[in-house]
Every structure is written in C-alpha cells, then in structure tokens.
Amino acid sequence: MRDALDLEELYTASYRRLVMQVFAICGDMSKAEDAVQDAFVTAIRKRRQLSGVTNPEAWVRTVAVNQVRAGWRHAVVVRRYGAKVPGPQAPVEVGPDHVQLVAALAQLDVDQRLVVVLHHLADLPVTDIAAELGVPVGTVKSRLSRGRSRLAELLDDRVDRPIRGQEEPRDA
C-alpha cells in the first residue's frame, strides 16, 4: 500500500506544476492535462519501475512530454497523408434505433461488444473474428451467445411484458 500512497503524494505535490510545464511545451491546456493524467496512469501501471527512479516527478514529466511529442508526430503523419484520403461523404444518418443499439452495446462486456459488432455490423464469420482477435472459435461463439442474450434483454422495449410464471391478463 505504500506505493499507492507515494503515488498519491506525488500526484498531489506535482500535478499542477507538471500540467503548467507541459502546457508551456505544447500550448494546449487540455492536451497538457490529458498528457499528465495519462502519465500518472502509466506511473500506476509501472509503479515498480518508478520506485527505483531517483526523481519520480521527472519520470512522470518525461512520460507526459513523450505523449505530447507522439501526438505531434501523429499530426505530421495526418497532415502528410490526409490529402490522399478521399473527400467527405454525405453525413451518416443516425436514427433513434441506432442510438438505442449503441447505448445497449455500451452496456456489454467489451469482449462481447467486439464480437457482436464484428459479426452483426461488419458481417464477419465467426472464424474470421477468431483469427482477427487471436482467440479460439469457441471463445467467439461463447461471447457472441452471451452478448446476444444480454442485448435481447436490453433492447426488449415491450413495456407490458408479463413476469415469468404469470399469464398475461385477458379481456373478458
């Protein structure tokens, strides 16, 4: 638990200072905050490595600055190749059914969501999904089955559905 406490202390002591430093480097407060936050997430993941560092704040700053620099490199690539991307298409129409489906998908486990989308929206067969994800076909089938079952529950919009074991009321 001492590692977690040390990271909390480091965060409390240096977050604002690091954000201001990274902001001075990149000129965008939102990107600076995101980079420092992500750097602390990396620090949590790599706390053992961080525990052996002489200056943890400098380590976090380096991670944050590297993230900003990676964003710059990505932007250069996008500018270089963006002109080769075909022009804009007609806006994508998103109706209420699609919004409801996306909201229901968001409630699935990530692995289930992925196989459901790949199978039903990308029209990939189970074998292709297994190959793409690097998992056995049986795993894909299991995730697909569970995902479909959960979606059926989430998307069932019949308000007056009878409770199991009870009959629907009949008119006299």
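Each value in this text was obtained by applying a stated rule to the coordinates, not by laboratory testing. Please read these numbers as outputs of a predicted model, since none were measured by experiment. Cβ: placed from backbone, ideal geometry, glycine included. Neighbour counts: every protein chain shown.
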Of ASP97, ASP34, how do they rank once you tally other Cβ atoms within 10 Å and put the fewest first? ASP97, ASP34
Expressed to two decimals, the chain has a Cα Rg over Rh, using the Kirkwood radius, of 1.15
Over segment 53-161, what is the relative contact order in percent, taking alpha-carbon pairs closer than 8 angstrom and at least six residues apart? 23
Those trypsin sites (Lys or Arg not before Pro) in segment 17-89 that DSSP places in a loop and that have at most 14 other beta carbons within 10 Å: LYS46, LYS84
MRE, 222 nm, helices only [DSSP H, n ≥ 4, -39500 (n - 2.57), over the chain, to nearest 500]: -22500 deg cm²/dmol
